[in-house]
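These notes concern the structure reproduced below.
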Amino acid sequence: MADIDSIKETLKSFVEIESVESAPLEGMPFGKGVADALAFMLDLGKKMGFETVNYDNYAGEIVWGEGERTLGILCHVDVVPAGKASDWKHEPFRATEEDGKIYGRGTMDDKAPAVICLYAMKALKDEGFVPRQRIKLILGCDEESGWKCMEHYSKVAKMPDYGFSPDGNFPVIYAEKGILHLMFEFPGKTFLSIIKGGERANMVCDECFAVAMIPGYADTFKITLGDGTKANYTLPVNKQYARQFGLDVHTDGSVSYTGKSAHGSTPEKGDNAILPVLMYLEAVGAVSPEIRSIFFDDRLRLTSLHDETGYLTMSPDIIDKDQYDGTLRLTVDIRYPATFKKEEILAYFDKEELRYTILEDQPPLYVSKKNPLVRTLLRVYNGVMGKSASPIAIGGGTYARALPLGVAFGPEPEDEESTVHEPDEFISLRAIENAYTIYYRAIRDLTEKP
């Protein structure tokens, strides 16, 4: 079995690579940080004696074994931005071990499971296990912002026949909701100089600011100029409404709100900063109430749609104003139940004649609970943990959708609250140890037969 201390130290080094997507460089389509993270894992796989392939820094793979059938283990090396540094008690890109946990951006999503699965493969190889199938540990570089990595991989390599993505929850995920990222446009309905909030479509907005140029709404502030003299400065701000909605007022004429980020699939865990700013702007007549009523008050009753995989969730996560034509743009993360079709969801917006662009469209994933893959993984999990758990459905989206037959499988424990996409993201040492044993046995049991 693997040395857990080696897994811990490898994970810490991996987390300290700031693999947030950035501007592309030559040969690095998602920026240097992501390319460095991919190189880190491929170098580690090569040192362990596995074959490795880098597909143009879009994706890579660590390969072991032979056989007509191929098991895929699909992970990603990119991470979402850390957000506001002040929200973190531990530095996001300096892995910290404390109180039985390792803190840092990407510890749970998805760097720990990638490292753990690789060490599980190495332990099996070192023990003399010979898989009867080919195994590919695939490392994507664009999971958090568009999946261009999987598109490229599908063009230059052969996708495995089946497999799992260790990028969700235990015990095993048989269904994932459909995902739509829609950018709505509201032209000519605002009196704004600027509004901006949110970083990613799949992260609840944690900070939003705006300037509304409204005649009749002005307050005078005393400021100190660069030469030290005092002056009065008139801002287009209504301080009464700003206080009412909990906004901060700044000397540059803007108002802002600081909320709390969360994963776009669980918006109820966050504090969306866009809402109080919209409420303020609506109160001073700067924006139409239509935006809030549809996307925050759910006037269309979209969040009442549900099936066995759960209720539809809707999270408005990015807002800005086009500096040229004044159009307000709102990007919304929608996770719809797995038995619905996207056309059914879009029909609600079409009926309202709303203008939108589809930025991302991932159909739902649904695998029968009786499928041998689901049953094998569930048996392994229950055997290791001494439980009798049942398969679950989630709102998140994983690389399992890229496989002809795939499910998500861990690493988040059933009994720990998720911190994915949140400040102070962590994985517990207990979760690392349990996940290692589970993945070790799952890889062995899935590949011991042709």
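The values are calculated or read from the model by the stated rules, or taken from the named source; none is laboratory data. Since the structure is predicted, the reported quantities are computational estimates derived from the model, not experimental observations. We place every Cβ from the backbone using ideal geometry, glycine too, and count neighbours over all the protein chains shown.
Miscellaneous remarks
- Where ILE294 falls short, out of the listed (1) at pLDDT 95 or above; (2) in a loop (DSSP other than H, G, I, E, B): (2)
- The number of residues in segment 316-347 that are part of a helix (DSSP H, G or I) and buried (at least 16 other Cβ atoms within 10 Å of the Cβ) comes to 3.
- Counted residues, segment 367-411 - those being surrounded by fewer than 18 Cβ atoms within 10 Å (Cβ to Cβ) and either assigned by TED's automatic domain parsing to the domain that holds GLY310 or assigned to a loop (DSSP other than H, G, I, E, B) (or both): 11
- Residue satisfying condition, being farther than 30 Å from ILE392 by Cβ and surrounded by fewer than 16 Cβ atoms within 10 Å (Cβ to Cβ), within set SER293, SER288: SER293
- Failed criterion for VAL130 (all others in (1) β-branched (Val, Ile, Thr); (2) under 30 Å from ASP3 (Cα atoms); (3) crowded, with 24+ Cβ neighbours inside 10 Å hold): (3)
- Considering (1) basic (Lys, Arg); (2) at pLDDT 95 or above; (3) assigned to a loop (DSSP other than H, G, I, E, B), the lone condition that LYS125 does not fulfil carries the number (3).
- Elements of type strands (runs of 3 or more DSSP E) in segment 197-266, at least 2 residues being modelled with pLDDT of 80 or more: 207-212, 255-258
- Across segment 297-306, the number of residues qualifying as loosely packed, with under 14 Cβ neighbours inside 10 Å, assigned to a helix (DSSP H, G or I) and not hydroxyl-bearing (Ser, Thr, Tyr) comes to 0.
- Number of positions in segment 157-170 that are in contact with a Leu (Cβ under 6 Å, 6 or more places away or on another chain) and surrounded by 24 or more Cβ atoms within 10 Å (Cβ to Cβ): 2
- Test: ASP415 is part of a loop (DSSP other than H, G, I, E, B) and at positive phi: no
- Some residue of segment 39-46 being among the charged types (D, E, K, R), closer than 28 Å to VAL130 by Cβ, assigned by TED's automatic domain parsing to the domain that holds LYS158 and at pLDDT 95 or above: yes
- ILE358 meets the conditions (1) at pLDDT 95 or above; (2) not in a strand (DSSP E or B) in every case but one. The failed one is (2).
- One residue from THR309, THR313, THR357 being touching a residue at least 24 places away in the same chain (Cβ under 8 Å), among the polar types (S, T, N, Q), exposed (fewer than 14 other Cβ atoms within 10 Å of the Cβ) and over 27 Å from VAL255 (Cβ atoms): THR357
- Test: residue in segment 134-156 that is in a loop (DSSP other than H, G, I, E, B), surrounded by fewer than 24 Cβ atoms within 10 Å (Cβ to Cβ) and over 18 Å from the mean Cα position of the chain (by Cα): no
- Some residue of segment 425-438 being assigned by TED's automatic domain parsing to the domain that holds GLU61, closer than 30 Å to LYS260 by Cα and touching a Leu at 6+ places or on another chain (Cβ under 9 Å): yes
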